[in-house]
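Notes follow the structure.
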Amino acid sequence: MEALRPGRMSSPGIAEPTETIARARAGDAQAWGELYHDYAPAIFRFCCRALPTREDAEDATMEVFMKLRAKLNQYDSSRPFTGWLYKVAANHCWDTLRRRKTRQDKETEDSDTIPLEHPDPSQLDRLIGERSSVEVRKALSSLGKRARMALVMRYYSDMSYDEIADELGVRRAFVGVVLLRARHELRQALEGNAALAAGGNS
């Protein structure tokens, strides 16, 4: 699996769809189909990491593209389309999680409980590289929703600290704290899953 690092999903390997967007804005149904075909797989993978279940991710992907149709006239063509689309997806996923009534205790922990150890991002990259995508999604799903969204927004859509702060409704200075805790929890979850698997095979 690819390493967890900023920007690795920032472009799907295609040129900016300037002409397609112009056609879609004009109501061309084929252009909408082209945008969906080119970008829906990456948005689905993003939603899989941000939301608890595959069904949630499938629903969210469809809803993101419905929002895209309504918001496309707001898109500033001087900025990368993919980055803007990921922001729409991140906002939608975070809103979805906030609407859920269930909350995890991890989200209410005081910042004093953050471990003194600063997880080495390269060590986390190595752990993720050794795990299947299913194992990584399982580990992500064990995190509190704020921690999970912070990781997904930072490392899968390359959002800035300011953008993450705006989406999560926290102070910019607290974003680093959230990411630090999230990386620590993700590493613990990955190591815990590996220990359980080893125990089951013994």
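Looking at R79, R25, R5, which one is open to solvent by 90 Å² or more (accessible area, probe 1.4 Å), closer than 30 Å to S141 by Cβ and either in contact with a helix residue (DSSP H, G or I) (Cβ under 7 Å, 6 or more places away or on another chain) or at pLDDT below 90 (or both)? Working first, answer last.
On the way: R79 fails: closer than 30 Å to S141 by Cβ; R25 fails: closer than 30 Å to S141 by Cβ.
Going through R79, R25, R5 in turn, the sole match is R5.
Please specify each residue of segment 28-76 satisfying the condition of being buried (at least 17 other Cβ atoms within 10 Å of the Cβ) and not in a helix (DSSP H, G or I).
L51, P52
Here is a check on your reading of the model: is R154 modelled with pLDDT of 85 or more and of a type in the set (K, R)? Before you say what the answer is, go through the steps one by one.
Working: modelled with pLDDT of 85 or more: no; of a type in the set (K, R): yes.
When the stated conditions are applied, R154 does not pass them.
Scan segment 149-164 for residues that are open to solvent by less than 10 Å² (accessible area, probe 1.4 Å) and part of a helix (DSSP H, G or I) and jot them down.
M149, A150, L151, V152, M153, I164
Restricting attention to segment 135-178, which residues are of a type in the set (G, A, S) and farther than 17 Å from R98 by Cβ? If you could, list the steps in order and put the result at the bottom.
Of segment 135-178, the ones of a type in the set (G, A, S) are 139, 141-142, 144, 147, 150, 157, 160, 165, 169, 173, 176.
If the condition is that a residue be of a type in the set (G, A, S) and farther than 17 Å from R98 by Cβ, then A139, S142, S157, S160, A173, G176 are the ones that fit.
Enumerate the pairs (first residue in segment 73-102 and over 16 Å from D158 (Cα atoms); second residue anywhere and among the hydroxyl-bearing types (S, T, Y) and open to solvent by 40 Å² or more (accessible area, probe 1.4 Å)) with beta-carbon separation below 7 Å, excluding pairs fewer than 6 apart on the same chain, so at least 6 apart or on different chains.
S77/T18
The values are calculated or read from the model by the stated rules, or taken from the named source; none is laboratory data. Everything numeric here is computed off the predicted structure, so don't read it as measured data. Every residue, glycine as well, gets a Cβ built from its backbone with ideal geometry; the counts of neighbours run over all protein chains shown. Note: areas computed on protein heavy atoms with side chains; ligands, DNA, RNA excluded. Shrake-Rupley method; radii C 1.70, N 1.55, O 1.52, S 1.80 Å.
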